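Please read the structure below before turning to the comments.
Read-outs throughout are calculated quantities, based only on the coordinates presented, and are distinct from any laboratory measurement. In this text the structure is predicted, and so the values were computed from the model without any measurement. Here the Cβ is made from the backbone with ideal geometry for all residues, glycine too, and neighbour counts use every protein chain on show.
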Amino acid sequence: MNSNVNRIAKFLIQTKGIDIQCYDDLYVSRLIEKRLHSRGLDLGYDYCRLVETEKDETFELLTALNNTYSEFFRNTFTFEILGQLVIPALIRQKKEIRIWSAACAAGQEPYSAAILCDEILNSTGKSSRFRIFASDINSNELKKAVEGKYNENSLGNVTLKRLTNYFVRDNGNYSVKQNLKNYVDFSEYNLFNSESMVPPASIFGNFDLVFCTNLLFYFKPEYRQLILKKITGSMAPGGYLIIGETEAGMIDDKFYREIFTMSSVFQKR
């Protein structure tokens, strides 16, 4: 960690009680570089002083660190594998399917999973049911998720049929229909919480499917392992882990096997 990053890290832990040293050093350095240039500064030292004296910049930096970007059906191929192979297999095996979206942001991921499960159950006529537990550390994003209102530009991956079946036009935006909301339980949860293995709302874990997408690469290797250890311990035997497209190399093949090359879908051994 370079001197400027280290200085900012010390300031944040002392004044905000927020420890950013869990984040990958290169990720933090690049982010600070972007913020530095956006404020028209040339020296890292000057940016450090800015963070220490301006509350707004401190807020902007912390917001940027906690990247909340998400999309509906973000990785099309991954959702295709889930829809064609994984979820139908789980429906054949289980009466209740338990799903955890471990960093759900504003709800796009768990609602995508709910749409997929609902479609498959309706098409097969099976009596299985599913429960989705969605958690995030960001309370503001969770409020958006519970509200379930999205602008049209954010729904590019949602087909017209799905838009009609699962959303309602709402003053220029689209709101998730209540019957879909009923499948998802949102709660605030820190994945580094050492006192619990799963979000309290889920009570006991035993998840058949866990989404942990586009999160691992933000953290140092030792913190990635903490997250993966927690998730692995929360899963049912033979459960499935969904990660981001660029994160496959972070998964230990002693514990998981990728069910289809480049699918980002791994099954617990």
- request: Answer rounded, prolate or oblate for segment 105-202, using the Cα gyration tensor with square roots of eigenvalues a ≥ b ≥ c: rounded when a/c is under 1.5, else prolate when a/b is larger than b/c, else oblate.
  value: oblate
Theoretical gain in end-to-end length, residue 185 to residue 269 [0.36 nm per residue, Cα-Cα removed]: 27.5 nm
field: Extension gain from residue 41 to residue 140, taking 0.36 nm per residue of separation minus the Cα-Cα distance
entry: 32.7 nm
field: Distance in nm between pseudo-label sites at residue 10 and residue 194 (7 Å out along the Cβ direction from Cα)
entry: 2.4
task: Work out, step by step, the length gained on full extension between residue 153 and residue 165: first 0.36 nm times the residue separation, then minus their alpha carbon distance; give nm to one decimal.
output: 2.5 nm
query: Across segment 43-109, how large is the tail of the calculated P(r) beyond 16 Å, expressed as a percent of all Cα pairs?
result: 67
message: Helix-only mean residue ellipticity at 222 nm, the chain, DSSP H runs n ≥ 4 weighted -39,500 (n - 2.57), per residue, nearest 500. What is it?
response: -12500 deg cm²/dmol
task: Rounded, prolate or oblate: pick one for segment 27-180, where a ≥ b ≥ c are the square roots of the eigenvalues of its C-alpha gyration tensor, a/c under 1.5 means rounded, and failing that, prolate if a/b is larger than b/c, else oblate.
output: prolate
task: With a Förster radius of 35 Å, plug the Cβ-Cβ distance of residue 77 and residue 18 into 1/(1 + (r/R0)^6) and report the FRET value to the nearest 0.05.
output: 0.45
field: Ranked 235, 250, criterion: other C-beta atoms within 10 Å, fewest first
entry: 250, 235
task: Answer with one residue from 172, 153, 127: the one whose Cα lies farthest towards the positive end of the charge dipole of segment 123-185, charges on Cβ with Lys, Arg +1 and Asp, Glu -1.
output: 127
field: Spin-label proximity, residue 27 to segment 199-219 - amide N less than 14 Å from point 7 Å beyond Cα toward beta carbon
entry: 212-219
task: State the Cα centre-to-centre distance between segment 1-77 and segment 236-265 in whole Å.
output: 30
